[in-house]
Amino acid sequence: MSDMGSLHDLRQSDAAGRPIVAFDFEGTLTIRDSFTEFLRWRAGPGGWALGLVKLAPAVAAYARDRDRGRIKAASVREFLLGVDRATLKAEAARFADEIWPRFMRPDALAVWNDWGVRGAHRVIVTASPTVTVAPFARRLGAEGLLGTEMAFDSQDRVTGAFVGPNCRGEEKVRRLKAAYGQDMVLTAAYGDTSGDAEMLAMAREAGFRVFRRKP
């Protein structure tokens with residue numbers, strides 16, 4: 001079970017007889033990275049600036065190894081370590097409500113809604129943590145959400161680690177097949193970075209950086 005609440009990592013039977021369409025989230029449905037914006041929003045100007053200073057060693061390491069999962073985990077430890085799950089979910093919901101009008105691409109939403117009218121099973125596949133993307137997914141009416149899963153301790157507090165790999169690149173394909181079956185057919189997929197390439201390659205219809213409009 002993911003942090004999506006009423007939605008979960010669905011199995012192929014949940015999408016039986018329906019076209020499966022996958023959307024990347026950051027930069028595809030949104031104008032920029034929502035997780036970074038959430039951390040900035042939550043920390044406030046002073047906390048954000050101080051946190052970036054403390055993250056300098058992690059940023060330097062990223063410049064060498066380009067490990068997105070590692071720097072993401074460092075950001076979680078710096079800005080969210082010890083936050084309980086209920087608080088994080090409530091804050092994520094408030095953030096989504098506040099930022100939605102100026103954050104979602106109207107042309108992407110039009111295509112998302114069109115697939116919904118056509119009866120598609122629409123799944124968001126993102127490298128961002130599911131707990132922060134979930135409020136957006138619920139508002140979109142997504143049928144599925146696959147993303148990077150934060151780890152919580154026995155007291156339901158953020159540990160700063162992730163459960164499983166960063167959901168990017170080949171991991172997106174692995175997660176889709178784990179959810180819908182190894183022989184799944186991906187009718188369409190949309191993305192905007194190299195981290196979406198493998199997912200786009202498995203789709204019958206691939207849209208790379210096709211959404212450009214801003215609210």
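Quick look at the values:
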{"read-out": "Scope segment 32-43; condition open to solvent by less than 40 Å² (accessible area, probe 1.4 Å) and either hydroxyl-bearing (Ser, Thr, Tyr) or part of a loop (DSSP other than H, G, I, E, B) (or both); matching residues", "value": "Ser34"}
{"read-out": "Close pairs (8 angstrom Cβ cut-off, 6 or more residues apart or separate chains): free of Cβ contacts under 8 Å to residues at least 40 places away in the same chain in segment 48-76, open to solvent by 40 Å² or more (accessible area, probe 1.4 Å) and among the basic types (Lys, Arg) anywhere", "value": "Trp48/Arg40; Ala58/Arg70; Ala61/Arg70; Tyr62/Arg68; Tyr62/Arg70"}
{"read-out": "Residue in segment 76-83 that is over 23 Å from Ala179 (Cβ atoms), among the β-branched types (Val, Ile, Thr), open to solvent by less than 30 Å² (accessible area, probe 1.4 Å) and out of contact with any Asp or Glu (no Cβ under 9 Å at 6 or more places or on another chain) present", "value": "yes"}
{"read-out": "Filter result (of a type in the set (Phe, Trp, Tyr) and not in a helix (DSSP H, G or I)) within segment 72-127", "value": "Phe103"}
{"read-out": "Number of the condition not met by Cys167 [criteria: (1) modelled with pLDDT under 95; (2) of a type outside the set (Val, Ile, Thr); (3) not in a helix (DSSP H, G or I)]", "value": "(1)"}
{"read-out": "Looking only at segment 1-31, and only at residues there that are assigned to a loop (DSSP other than H, G, I, E, B) and at pLDDT 95 or above, the one that is farthest from Pro129 (Cα to Cα)", "value": "Pro19"}
{"read-out": "Residues of segment 50-73 classified as touching a Lys or Arg at 6+ places or on another chain (Cβ under 9 Å) and under 14 Å from Ser128 (Cα atoms), total", "value": "2"}
{"read-out": "Which numbered condition Val53 fails, given (1) open to solvent by 80 Å² or more (accessible area, probe 1.4 Å); (2) among the β-branched types (Val, Ile, Thr); (3) in contact with a Gly (Cβ under 8 Å, 6 or more places away or on another chain)", "value": "(3)"}
{"read-out": "Complete set of residues in segment 185-202 that are open to solvent by less than 20 Å² (accessible area, probe 1.4 Å) and touching a helix residue (DSSP H, G or I) at 6+ places or on another chain (Cβ under 6 Å)", "value": "Ala189, Gly191, Met199"}
{"read-out": "Residue count, segment 163-174 (criterion: surrounded by fewer than 22 Cβ atoms within 10 Å (Cβ to Cβ) and closer than 25 Å to Ala16 by Cα)", "value": "4"}
{"read-out": "Where Ala137 falls short, out of the listed (1) modelled with pLDDT under 95; (2) open to solvent by less than 40 Å² (accessible area, probe 1.4 Å); (3) of a type in the set (Gly, Ala, Ser)", "value": "(1)"}
{"read-out": "Glu98 being surrounded by 13 or more Cβ atoms within 10 Å (Cβ to Cβ) and not hydrophobic (A, V, I, L, M, F, W, C)", "value": "no"}
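Listed here are the residues, each with its yes/no results for (1) touching a residue at least 40 places away in the same chain (Cβ under 8 Å); (2) open to solvent by less than 40 Å² (accessible area, probe 1.4 Å).
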{"site": "Leu109", "(1), (2)": "yes, yes"}
{"site": "Ala127", "(1), (2)": "yes, yes"}
{"site": "Ala151", "(1), (2)": "no, yes"}
{"site": "Ala161", "(1), (2)": "yes, no"}
{"site": "Arg204", "(1), (2)": "no, no"}
{"site": "Arg209", "(1), (2)": "no, no"}
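The values are calculated or read from the model by the stated rules, or taken from the named source; none is laboratory data. Only a predicted model underlies this, so the values are computations on that prediction, with no experimental measurement involved. Quick reminder, even Gly has a Cβ in these numbers, built from the backbone with ideal geometry, and neighbours come from all protein chains shown. These accessible areas exclude ligands, DNA and RNA; they are computed on the full protein's heavy atoms, side chains included. Shrake-Rupley method; radii C 1.70, N 1.55, O 1.52, S 1.80 Å.
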